[in-house]
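So the structure is just underneath, and the comments pick up after that.
The values are calculated or read from the model by the stated rules, or taken from the named source; none is laboratory data. These numbers were taken from a predicted model, which means no experiment stands behind them. A quick note on method: Cβ atoms are made from the backbone with ideal geometry, for glycine too, and the neighbour counts reach across all protein chains shown.
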Amino acid sequence: MQAVPQGDGWVCEVDVDDDGSKTHHFVTVTREGLERWGRGADRQAAEDLVRRSFDFLLEREPATSILRTFDLAVIRSYFPEYDRHFGR
């Protein structure tokens, strides 16, 4: 995974190999999202949050069901428990 600065946040490029099914994703993490759910404000914190978020998603659905491009905040629209799981 690699996070690249973009605007007021980061875009993370994620490759997932889920039981032989490979998928590729682009995830936007805003500064507000990183402050809300992350453990810091730098590139490593963004990558850590996205990694933990994918672990969360893969516990609930196969990689092929995960959107290919999305803002991290959309996860809570599909899984309301995301806020409780990652919020402070």
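Scanning the stretch 1-25 for residues that are under 22 Å from P62 (Cα atoms) and not in a strand (DSSP E or B) gives M1, D19, G20. The single condition among (1) out of contact with any strand residue (DSSP E or B) (no Cβ under 8 Å at 6 or more places or on another chain); (2) within 16 Å of S77 (Cα to Cα); (3) outside any helix (DSSP H, G or I); (4) not aromatic (F, W, Y) that T28 does not meet is (1). Considering (1) at pLDDT below 95; (2) within 13 Å of the chain's Cα centre (by Cα), the lone condition that A41 does not fulfil carries the number (2).
Here's a check for you: in the stretch 16-33, which residue that is of a type in the set (A, V, I, L, M, F, W, C) and under 13 Å from F70 (Cβ atoms) is surrounded by the fewest Cβ atoms within 10 Å (Cβ to Cβ)? Applying the filter and picking the extreme gives F26.
Matching residues to (1) touching a His at 6+ places or on another chain (Cβ under 8 Å); (2) among the hydroxyl-bearing types (S, T, Y):
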position: A3; (1), (2): no, no
position: E13; (1), (2): yes, no
position: T30; (1), (2): no, yes
position: R52; (1), (2): no, no
position: R60; (1), (2): no, no
position: A63; (1), (2): no, no
position: F70; (1), (2): yes, no
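Could you say whether any residue in the stretch 40-52 is surrounded by fewer than 16 Cβ atoms within 10 Å (Cβ to Cβ), closer than 18 Å to Y78 by Cα and out of contact with any strand residue (DSSP E or B) (no Cβ under 9 Å at 6 or more places or on another chain)? Among the residues of the stretch 40-52, at least one is surrounded by fewer than 16 Cβ atoms within 10 Å (Cβ to Cβ), closer than 18 Å to Y78 by Cα and out of contact with any strand residue (DSSP E or B) (no Cβ under 9 Å at 6 or more places or on another chain), which makes the answer yes. Evaluate the following for R36: is it surrounded by fewer than 12 Cβ atoms within 10 Å (Cβ to Cβ), modelled with pLDDT under 95 and in a helix (DSSP H, G or I)? In short, no.
Kindly establish whether R51 is within 11 Å of the chain's Cα centre (by Cα) and either among the basic types (K, R) or in a strand (DSSP E or B) (or both). Against the criterion (within 11 Å of the chain's Cα centre (by Cα) and either among the basic types (K, R) or in a strand (DSSP E or B) (or both)), R51 qualifies.
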